[in-house]
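Shown next, in structure tokens, is the structure this report addresses.
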Amino acid sequence: MKAKVLLSLILLCGGLAAPAARAGDAASAAVATPAACELPSYLLTTESQLPKVADVVKAGKPLEILVIGSGSTRIPFSEDSSYPARMQAILKDKLPPSETVNVSVEIQSKKTAEEAAGTFVKLMEAKRPTLVIWQTGTVDAIRAIDPEDFRGAVTEGVAALQNAGADVVLMNLQYSPRTETMISAPPYLDNMRVVAQQHDIPLFDRFAIMRQWNDQGQFDLFSPSHGPELAKQVHDCLGRALAQFVIDAAHLGPAQQQN
Amino acid sequence: MTIADQVTGSTIAGTAEAKPRAAAPAITLPAIGERELRLDLFRGLALWLIFIDHLPPSLLTWFTIRNYGFSDATEIFIFISGYTAAFVYGRAMLESGFVIATARILRRCWQIYVAHVFLFTIFLAEISYVATSFENPLYTEEMGIMDFLKQPDVTIVQALLLRFRPVNMDVLPLYIVLMLALPLILWSMKWRPDVTLGLSVVLYAVTWEYDLYLSAYPNGFWAFNPLAWQLLFVFGAWCALGGARRMSRILASRVTMWIAIAYIVAAFYVTLTWYVPQLSHFMPKRLEQWMYPIDKTDLDVLRFTHFLALAALTVRFLPRDWPGLKSPWLRPLILCGQHSLEIFCLGVFLAFAGHFILAEVSGGAGLHALISLCGILIMWGMAWVISWYKRVADKSGAKTKNAVGNADMAGGG
């Protein structure tokens, strides 16, 4: 029992200390991160890399990013505030001014991973992006698709995207505390982590990130009715986090570029 | 008083009047005496942990065992259920025969089924409320879960058929199916316990090899596959019917102890890498690929062995006559474990209610912890009331010799 207490205390202290430590760095950064978006760095680190993105940016070619998502990719009636649009803005800010960044969005509304993956070959022929951010899992969780089938579908989808010559980032489900008793997210989160590990591709852990914000009190995601404001703020932070994540995974940070 | 009463009744020190009249040669029931308090203790613990795991994560979640290894409270619950069910109904089968015992088991199944339907009704009320009151543009997609409310005719019938089971309501259907199989298991155990256990292992292996499952509604499968989870249940039954005693030499050996400790430490390290990803540098990639995913649906071998290791250490370091079992501090846990069906249902209900309060009142971590604590206190209070009622009812029932029904309520569950 003592060990458990100790462990939870250590983890708790780590959780408390990490945002404080980062606050110092943030002040010096060119684009200051709003306090509400603060995240411990481990949520934004990945060992996997994005070599194609790195090459394109180093060669000064335009960076084409395709976000394949579902209902939670956008905010109804305010597309400009959704996370893909925010990510584009932040990337433009952070990358060298000469760099062109185009983000296009493909919404696969109410489609499971398997249904979405079926469209990838054609989609990739049409768009030819350097980087695909594939956000999936929610529809599968709602419909309680067999997690193994889900894993198979994600694996196939990732393979199709990679075969078409793109770097891939996987993005998992939203943290949605109000529907937690109705939608079982863990099997889908686990399986996405497995696929990311097996293919050595970065996984943007949207679930853990949003839960962190909720737990730390930055956003109250439990509350039943908010206007579009909350959604806009959350998407802004997600866009920032995602942009940072891509820059780090492709080793495009200011310090890294000097090497 | 029947023998089942002494196993399941709430008095700690049941006076051992009756001796087993006829012991079949194949199985040996433990001598009747004191109630096995360790079972109650750990079942109570499992119930508390299941309750906490069903609430949104909070500080208390760090105390649940699923954060420290592969297996979690479900394994404990199913194993102990198998153990006590075999103990109670195995005795009934020896004494009153197959038909009577089967009838009693079926009655028990019916009780669990009714409890499940009751919980489903509460779930419907909750989800309907959320559906009408929740308007957050952030979560328009997640609201797709409400679609099933559009066809209540199909959904409710599927729920009654145990094919539609909302999140957190998977344990009771699993339990019902396992209990339905219990007459067969016991009958086979009476004949050859080891063969029965062997058959159970074969079924488990076949389930894995050929990917057998029970389908669910609207699609998918049972979140706890009974064809795989039966292994724990049958293993529990096998232990209750003399297996535990025959294994005692293995359990007492130091080699077993060290293997168990090594395995638990290794599992702890693996789980640590989930929370501290930096540590996964030290995990061999090949091991990861072999190990993941650790499947809960089909009771992954890693989970099963983790439970075995935990159980082996528990049996070793927590002797049957450990005085702490009678201490007032563990009393709440033991009480809860003695009325597991009622307390389990109450726990699921309290988890729903806790969600509801957290959703309505944004109180943060403090309120969260308070709700968890209150839930546990309510579970304890309820267990105490049930015990008290049972004591009173048994006293008046003893005059009319009508206490069998009460034993059933608590027995095997």
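What FRET efficiency comes out for A:E99 versus B:Q151 if R0 is 56 angstrom and r is the Cβ-Cβ distance? Round to the nearest 0.05.
0.65
Summarising the amide proton neighbourhood of A:M171: residues at separation of 5 or more, or on other chains, whose placed amide H is nearer than 5 Å comprise A:W134, A:Q135, A:T136, A:F204. For chain B, hydrophobic long helices are taken as DSSP H runs at least 20 Å long by C-alpha position along their axis with mean Kyte-Doolittle hydropathy of 0.0 or more; these are B:37-54, B:73-96, B:98-133, B:171-191, B:193-210, B:254-275, B:301-317, B:340-360, B:364-400.
Using a Förster radius of 45 Å, what is the FRET efficiency between B:H281 and B:D321 based on their Cβ-Cβ separation? Nearest 0.05, please.
Efficiency, from the Cβ-Cβ distance: 0.45.
What does the convex hull of the alpha-carbon atoms of chain B project to on average, in nm²?
Values: hull surface 89.9 nm².
Result: 22.5 nm².
Taking the convex hull of the alpha carbon positions in region A:122-259 and averaging its projected area over all directions gives 10.3 nm².
Please find the FRET efficiency linking B:W258 to B:D194, where r is the Cβ-Cβ separation and R0 is fixed at 35 Å, and quote it to the nearest 0.05. Please report the intermediate quantities before stating the final value.
Working: r = 26 Å, r/R0 = 0.75.
Computed FRET efficiency for B:W258 and B:D194: 0.85.
For the set B:K326/B:K395; A:K58/A:K110; A:K52/A:K122, the pairs lying more than 31 angstrom apart at their alpha carbons are A:K58/A:K110. Here's how it looks for A:I107: its modeled amide H is under 5 Å from those of A:G69, which are all 5 or more places away or on a different chain.
Each label point was placed 7 Å from the Cα along the Cα-to-Cβ direction; for B:S128 and A:S41 their separation is 5.3 nm. Taking amide hydrogens as placed 1.01 Å from N in the peptide plane, the amide H of B:D295 sits under 5 Å from those of B:D300, each at least 5 positions away in sequence or on another chain.
Listed by chain and number, the aspartates and glutamates whose alpha-carbon sits under 15 Å from that of A:K232, ignoring those within fewer than 8 places in the same chain, are A:E79, A:D80, A:D220, B:E135.
Just from its helices, what would the mean residue ellipticity at 222 nm be for chain B, if runs of 4 or more DSSP H residues each count -39500 (n - 2.57) and the sum is divided by every residue, rounded to the nearest 500 deg cm²/dmol? Walk me through the numbers before you get to the answer.
On the way: 16 runs with 269 residues, N = 413.
Calculated at 222 nm, the ellipticity per residue is -22000 deg cm²/dmol.
Counting partner chain Cβ atoms within 10 Å of every residue's Cβ in A:144-151, what's the average? Don't jump to the answer; show the numbers that get you there.
Numbers: counts 12, 3, 8, 7, 7, 3, 1, 1.
Taking all residues of A:144-151 together, the mean is 5.
Couplings 3J(HN,Hα) for region A:95-108, derived from phi with the Karplus relation 6.51 cos²θ - 1.76 cosθ + 1.60 (θ = phi - 60°), are 7, x, x, 6, 6, 8, 10, 10, 10, 10, 10, 10, 8, 10 Hz, where x marks Gly and Pro. Within a straight-line Cα-Cα reach of under 14 Å, B:K190 can be paired with the following aspartates and glutamates, leaving aside sequence neighbours fewer than 8 residues apart in one chain: B:E95.
Residues in region A:203-220 carry Karplus couplings, in order, of 10, 8, 8, 4, 4, 5, 5, 5, 5, 4, 4, 5, 5, 7, x, 5, 10, 9 Hz; the curve used is 6.51 cos²θ - 1.76 cosθ + 1.60 with θ = phi - 60°, and Gly or Pro positions show x.
Cut-off is 10 Å between beta-carbons; in what order do B:D147, B:D298 appear when sorted fewest neighbours first? Could you put the intermediate results ahead of the total?
Values: B:D147 14, B:D298 20.
Final ranking by Cβ density, sparse to dense: B:D147, B:D298.
None of the figures in this text is laboratory data; all of them are computed from the coordinates on show. Fair warning: this is a prediction, and the values are worked out from it, not measured in the lab. Positions of Cβ are generated from backbone atoms using ideal geometry, with glycine treated the same way; all protein chains shown enter the neighbour counts.
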